[in-house]
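Step one of this worksheet: look at the structure below.
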Amino acid sequence: MAYLELEGVAKQFGAQTVVDDFSLAVGKGEFISFLGPSGCGKTTTLQMIAGFLDPTRGAIRLEGKDLAAIHPAKRGLGIVFQSYALFPHMTAAENVAFGLEMRNVPRGERAERVRAALAMVGLAGFEDRHPRRMSGGQQQRVALARALVIKPSVLLLDEPLSNLDAKLREEMQIELRQIQRTIGTTTILVTHDQNEAMSLSDRIVVMSQGRIEQIGTPQETYEKPASAFVSQFLGKTNDFAATIDRASAPARLIAGSWSAPAPAGLSGPVTISIRPERIGFGDAGLSAKIITRIFQGNHWLFQCESECGPAIVIRQNDGERQPAEGEAVRLSWRPEDMSVRGGAAA
Amino acid sequence: MSAAAEERNARAPWALTAPALMLFVGVLLIPLAMTVMLSFHDWGQYKGIEPVFILKNWHEIATDPYYAEMFWRTFRIAVLTTLLTAVLGAPEAYILNRMSGRWKSFFLLVILGPLLISVVARTLGWALLFGGNNGLVNKLLMSAGLIRFPIPFMFTETGMVIALAHVMMPFMVLSVWAALQRLNPQIENAAMSLGAGPVTIIRRIIMPQIMPGVLSGAIIVFSLSASAFATPAIIGGRRLKVAATLAYDEFLNTLNWPLGAAVATLLLVALVLIVVGSNALIERRYAEVFR
Ligand SMILES: Nc1ncnc2c1ncn2[C@@H]1O[C@H](COP(=O)(O)OP(=O)(O)OP(=O)(O)O)[C@@H](O)[C@H]1O
Ligand SMILES: [Mg+2]
C-alpha cells in the first residue's frame, strides 16, 4: 500500500484552478521530485500536503489516514522552505531544538539529538551561531537539520537548493541524497531544475499548468517522455514531423530521407522525438547541413538545418574527426532511440 | 584625478548640504542655545528679565517639591501611555497584518486617518466624551453595569493617559507594522510544522521578532507624550499641569520666561538622556539578532 497518497487533489484560488486532478502514490522511503516550470503549482501541492492550504477537491492520505482531519501542527512532517524560514532570534541549536521542545523531549536527550543533527549536516561547532551570521548554504543545512531532527514521517523540500551557487548546490545534492539514503525518510522535493530532479529522485513527477504530465523514473521520463512538454522540459530534444506509410508492405515510418520499419498499431502523420546525443552522422539518413559547431570540452554541439527543420546533435569528443561548419551530412539514429507521438490507430 | 579636482570634490558635500545646515543652525540650534541661556537669567515681577548669569531658576526647580511632583507626573503619564499603546497597538498591528487585501487597507486607513485630524480636535472630542459626571463614557459604563459611580476623567491622569494613548496609537501601530513586514511570511508555518500551537507561535516566534519594533515605537510614543502640549492642556487644564503646560504658563501667564526656559531645558535634557539611553540598551540587547 502506498505510504503517502494523493487522490484527485485540486486547488482553486477564486476562479483560477492552480492544481487539478493530482493523483500520486508515494512508497515508504521513496524520493520523489515535483518538477515543472515556475507557477505550475508545485509549491501549492506541497503546501496542501503540509496542511497550510486546504485542497478544494480530493484527498490526501498518510498511512491510510485522511490528513484533512489532522492539524498541520500534528502531522509530524518535516518541511524545508524555499526561504528557509529559520527563526532569526534563535541560534542554530535553538532552531533545531524547537521541534523537540514542542514534543517535550527531555533536555538531555534534546541536546544530544540537536548535536547529532547538526553534525549530520556538517555544522558541528556552529551551535551558537545566529542564522543572520551564517552563509546561505549553512542556513539551508540548519533548516534541513531542523526538519530532520523531529524524525518526520515525510520530508517536504521546497526548492531548498535554489539559492545556492552551482558548486555548493552540487555538494548539497550529494549530501541530501546520502542523508536521505541513510535515514530512509520518505522525501518529496520541489524543483524546477531537471538535473537536480534526475540526479536525486527515485521517481519524477513532471508538472505543467497544475496537471501531471508524467510520473516515472528519471530514465523513463528522459528516454520515454509521455508528451512533447516532457521531452522539451527534460533536456534538449529534436522533434521531427514524420509519416507512417501503411500502403507499402511492410509499413514504414518516414521522416525525410530517413526511414525505418513502422511501429505496430499506428498510421498517418506523427511526431518523432530523438535526443541529440542519440543522433549520429552516417552515410544514409536525414540530409542536413551543419550551421554552427560549438566545442564544449567533453562534447561537440552541432546545430544543423535538416530536411525536417532545425536539428541539434551532440557528439562525444572522442578524438574522431567531426564534420565542419557548412558540411553536408546525413543524420541517423536507431529506431528504439526515438519516441513516437500522435498518429491514428491502425 | 588632479589635486584641484580632488579638492573640489572634497568641498562639494559641504557646499551641497550648506543650505540645510544653515537652516538647521538658524531655526534649531540658535533658539535652543538662547533658551538654555535664558534659563540662567534673572526675573522679577517689576524689573522683568535681567540678562545676568545666576542659578536662581535651577535652584528653585531643584528644591521646590512642586517641580519634582510635576516632572514625576509628566513621566508617569508618558510611561502609562506608552504601556497602553504597546499593549493595544502591538496586537492591533498583528491582526491588521493578518487581514486580507481590501480589509487591510481599509483598517490601515482607519488607524492612520486620525493623523490627518488636528490633535486639538481629537482631544476636544475626548473632552466631550469624558465631559463631567454625565459624559458619554461614564453613562455607557454605568448603564453596562461596569461601574456604580462615575469615574472622573477630566482633569485627571486617567483621562490624560487615555486621550494621549489614542493620539499616539498610530505611531506604535506603524512601528510594529514595520517590524511585522520584515518577518518571513512562512515563519509561522515553519513553527506550526514543528508542532507549535498558536499561543506558542506568538509568544516564542512572533513576539521576540517584533520586540525591536515595539521598543522603537515605545521610544517615539514616550518622547512625544512626555513633551505633549495640546492634550494635557485640554484634559488637564490649569488644574493638572505637566512639564510642557507648566513651561507654557510660565512663559505666557506669569511672564517668568527664565523659569519657563529652565523647565523646558530640563524636560529636553531628561528626554534626550532617556531616549538615547534606552536606545543604546535596545541596540545592545538585539545587536546579535538584527544586525
Ligand atoms: N494565494 C494565492 N492566491 C492566488 N493565486 C495563487 C496563490 N498562491 C499561488 N497562486 C497561483 O498559483 C499558481 C501556482 O503557484 P505555485 O506557488 O504553486 O507555483 P510553483 O510551481 O511553486 O512555482 P515556482 O517554481 O515559481 O515556485 C501561480 O500561478 C500563482 O500565481
Ligand atoms: Mg514554488
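What percent do you get for the relative contact order of chain A when only Cα pairs under 8 Å and 6+ apart count?
The value is 15 percent.
What whole number of Å gives the distance from the Cα centroid of the stretch B:88-164 to the Cα centroid of the stretch B:194-270? Using only Cα atoms to place each centre, the spacing works out to 17 Å. Computed packing ranks the peptides A:317-327, B:188-198 as B:188-198, A:317-327, most packed first, by mean other Cβ atoms within 10 Å. Projection of the Cα convex hull of the protein assembly as shown, averaged over all directions and equal to a quarter of that hull's surface, yields 48.3 nm². Computed packing ranks the peptides B:5-12, A:271-278 as A:271-278, B:5-12, most packed first, by mean other Cβ atoms within 10 Å. Computed with the Debye formula from one identical point scatterer per Cα of the stretch A:238-345, without solvent, the log10 of I(q)/I(0) at q = 0.12, 0.15, 0.17, 0.24 Å⁻¹ comes to -0.42, -0.62, -0.76, -1.30.
Suppose R0 equals 25 Å; then what is the FRET efficiency for A:Gln16 and A:Ala228 from their Cβ-Cβ distance, rounded to the nearest 0.05?
Numbers: r = 24 Å, r/R0 = 0.98.
Efficiency computed from Cβ-Cβ geometry: 0.55.
Partner shielding of A:84-92 amounts to 6, given as the average count of beta-carbon atoms from other chains within 10 Å of each residue beta-carbon. What separates the Cα centres of the stretch A:187-204 and the stretch A:250-313 is a distance of 29 Å. Across the stretch B:1-68, the relative contact order, built from alpha-carbon pairs under 8 Å that are at least six residues apart, equals 17 percent.
State which helices in chain A qualify, where a helix is a whole DSSP H run, it must extend 15 Å or more along its own axis by its Cα atoms, and its mean Kyte-Doolittle hydropathy must be at least 0.0.
Working: long enough: A:92-102 (16 Å, 0.65); A:107-120 (20 Å, -0.59); A:136-148 (18 Å, -0.24); A:166-183 (25 Å, -0.79).
Helices meeting the span and hydropathy rule in chain A are A:92-102.
By accessible area, using a 1.4 Å probe on protein heavy atoms only, the stretch A:238-345 has 52% of its surface on carbon and sulfur.
Take every pair of alpha-carbon atoms less than 8 Å apart whose residues are at least six positions apart; their mean separation over the length of the stretch A:99-181 yields a relative contact order of 30 percent.
Would you mind getting the accessible area per residue of the protein assembly as shown, heavy atoms of the protein chains only, 1.4 Å probe, in Å²?
Details: 31860 Å² over 637 residues.
The answer is 50 Å² per residue.
Per residue of peptide B:205-213, the mean number of Cβ atoms on other chains within 10 Å of the residue Cβ is 2. Put simply, chains A and B cover up around 2100 Å² of each other's accessible surface, both sides summed, when a 1.4 Å probe is used. I'd like the distance between the alpha-carbon centres of the stretch A:74-118 and the stretch B:1-65, rounded to an integer number of Å. The two parts, judged by their Cα centres, are 56 Å apart. Taking a 29 Å limit on the Cα-Cα distance, which of the listed pairs A:Lys42/A:Lys65; A:Lys11/A:Lys65; A:Lys11/B:Lys104; B:Lys104/B:Lys241; B:Lys47/B:Lys241; A:Lys167/A:Lys236 fall beyond it? The pairs that break the limit, which is 29 Å between Cα atoms, are B:Lys104/B:Lys241. Placing a label point 7 Å from the Cα of A:Glu175 along the Cα-to-Cβ direction, the residues of the stretch A:91-129 with a backbone N closer than 13 Å are A:117-126. Along chain B, the longest continuous region that contains none of the chymotrypsin sites (Phe, Trp or Tyr not before Pro) in a DSSP loop with at most 11 other C-beta atoms within 10 Å is B:54-291.
Where does the stretch A:4-233 land on Rg(C-alpha)/(2.2 N^0.38 Å)? Could you put the intermediate results ahead of the total?
Values: Rg = 17.6 Å, N = 230, 2.2 N^0.38 = 17.4 Å.
Taking N as the residue count of the stretch A:4-233, the ratio is 1.01.
Per-residue packing, averaged as other Cβ atoms within 10 Å, sorts the ranges A:73-81, B:199-207 into the order A:73-81, B:199-207, beginning with the highest. Projection of the Cα convex hull of the stretch A:193-243, averaged over all directions and equal to a quarter of that hull's surface, yields 3.9 nm². Scanning chain B for DSSP H helices at least 15 Å long along the axis (C-alpha atoms) with a Kyte-Doolittle mean no lower than -1.0 picks out B:3-24, B:65-98, B:101-112, B:119-130, B:157-181, B:207-226, B:257-286.
The values are calculated or read from the model by the stated rules, or taken from the named source; none is laboratory data. These figures come from a predicted structure and were not determined experimentally. Cβ coordinates were reconstructed from backbone atoms using ideal geometry, including for glycine residues, and neighbour counts include every protein chain displayed. SASA here: full protein model, heavy atoms, side chains in, ligands and nucleic acids out. Shrake-Rupley method; radii C 1.70, N 1.55, O 1.52, S 1.80 Å.
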